[in-house]
1. Which one of Ile145, Ile159, Ile138 is in contact (Cβ under 8 Å) with a residue 40 or more places away in the chain, among the β-branched types (Val, Ile, Thr) and over 30 Å from Gly87 (Cα atoms)?
2. Within the stretch 279-322, restricting attention to residues that are among the acidic types (Asp, Glu) and at pLDDT below 85, which residue is surrounded by the fewest Cβ atoms within 10 Å (Cβ to Cβ)?
3. Which residue is farthest from Lys227 (Cα to Cα), if the candidates are limited to the stretch 103-146 and must be in contact with a Gly (Cβ under 8 Å, 6 or more places away or on another chain), of a type in the set (A, V, I, L, M) and not in a strand (DSSP E or B)?
4. Asp195 versus (1) surrounded by 18 or more Cβ atoms within 10 Å (Cβ to Cβ); (2) modelled with pLDDT of 80 or more: which is the lone unmet condition?
5. Residues of the stretch 75-127 being in contact with a Pro (Cβ under 7 Å, 6 or more places away or on another chain) and free of Cβ contacts under 8 Å to residues at least 60 places away in the same chain, which ones?
6. Residues to consider are Leu40, Leu106, Leu114; find the one that is at pLDDT 85 or above, more than 21 Å from Asn197 (Cβ to Cβ) and either of a type in the set (Gly, Ala, Ser) or assigned by TED's automatic domain parsing to the domain that holds Asp193 (or both).
7. If you scan the stretch 58-87, which residues turn out to be surrounded by fewer than 24 Cβ atoms within 10 Å (Cβ to Cβ) and among the small types (Gly, Ala, Ser)?
8. Is it the case that some residue within the stretch 84-102 is closer than 20 Å to Gly218 by Cα and either in a strand (DSSP E or B) or touching a helix residue (DSSP H, G or I) at 6+ places or on another chain (Cβ under 6 Å) (or both)?
Amino acid sequence: MYKLLIVAFVAFVAMPCFQAPASARVMESGDAAIARQATLAVVNIATWKIHAPTKPGEAPRRVKVYASGFIIDPSGIIVTNKHVVEGAIDLHVIFSPGDRASARLLAAAAMVDLAVLKVDVGHPLPALKWGDSDALQIGDPLLTIGNPLGIGMSVSAGIVSGLNRDLQDTPFDSYIQTDAAINHGNSGGPLIDHDGNVVGIDTALYNPEENGGFIGIGFAIPSSTAKFVVDHLLDPRHPKLGWLGITLQDMTQDLAEALGVPYRTGAIISAIDPSGPAIQAALRLGDVLEKIDGVQQDDSRAFMRSVVMMSVGTPVHLTVWRDGREQEITATVAEWPNYMMGGGMLGSKMAEAMIAKEPDPGLRLSPITDEARKQYGIDPKLTGVLVSSVEQDCEARDLGIVAGDVVVAVQGGLVSTPEDIRLAVRAAHQEHRPFLAVLIQAKAVARWVSLSIDSPGS
């Protein structure tokens, strides 16, 4: 199941989906006031990313990506997902009134999918407050706000469908499940409670179809985790995360009976890092952890979260079931060794090289043949260039361009060959124009779309 989870930031991989729409809670009168206020502090995030070649011999492509984020401090501190900034060439945010600003990455979390950006606009910005995700209960009302499919700021309503969901993404997963719509492009946007506070950060959606959209199952990082991580990242002392050097798995009833453990909760040690503090504390494979500092922990992820939040050098008292009895063991929390190198942004030299590289819109073009006219039902009188295929990961797909469409004109000039379009893209890139106007004839209608050419603001 979890292999079919889709991080929600990639607006351009969305495609038409003919499944029945997922039903969610109908917005209530109080939701409108909360949404109007909260939306002022939510931003769209636009960035260029590098995508590896899909076939041998092809060059990497740079593609336009949209995601979401929200302001947590009037000085311009913005929270989003880490997967939004990974591999990014540059970052821009678009505020709800439509203003744009360049953003810089302050920090990205080591394991949790969170990152912090900063914009400088010369005046205070509206900001959202953290809510208490630990107080959430199944059925509580929620709103989600973000930039689904890159179409602009959108609000949807739902409820808490589940808590402490394990997506098998990190050892610390405790996702909120919601039926409030989370689609591609919503990543990094806030999940809002009935008081207008942030109780989660939209991160993933589930769909059994690889290219499908939202079907009523979305996931958000709880604010209790997010606030700790963000405060940690913004701390000028740069404190490190706590680590014991053990791998845990949840206890099951069968394991408990096999080991003679009276508890059905807790976690059993399945691996020990030879360089970690667990070895020094004489912890063993098969030890069952029941409590940390006297507090019962329900599962392996709860143990890991508790340790991560401890200060490096802190002694931690573990209640362990071993050899048929409880034992008390003290270990010293060490520094978590796995940090994200470079914070997820590309190095300046590679970024400059990719920005200088002529972009590939992701369209595969060919002349219109009699066979193509028959296959796609193209009007015999229509002239232009056939879209024979669209790359899986490209802005054109998000704009709704599909195989069988015809490119009629570019920048107001009629086109008749694929080379005409390539030359127009090259000219726009050389002139540092951010967009290229393209007239697309689909089966039912002709429409203009704007393809991104240069990095935003260039």
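The values are calculated or read from the model by the stated rules, or taken from the named source; none is laboratory data. Predicted model, so just to flag it, every value in this text is computed and none were measured. So basically every Cβ, Gly included, is an ideal-geometry build from the backbone, and we count neighbours across all protein chains shown.
1. Ile159
2. Out of the qualifying residues, it is Asp298.
3. Val121
4. Status for Asp195: all satisfied but (1).
5. Answer for the stretch 75-127, where residues must be in contact with a Pro (Cβ under 7 Å, 6 or more places away or on another chain) and free of Cβ contacts under 8 Å to residues at least 60 places away in the same chain: just Pro124.
6. Leu106
7. Correct list: Ala59, Ser75, Gly76, Gly87.
8. Among the residues of the stretch 84-102, not one is closer than 20 Å to Gly218 by Cα and either in a strand (DSSP E or B) or touching a helix residue (DSSP H, G or I) at 6+ places or on another chain (Cβ under 6 Å) (or both), which makes the answer no.
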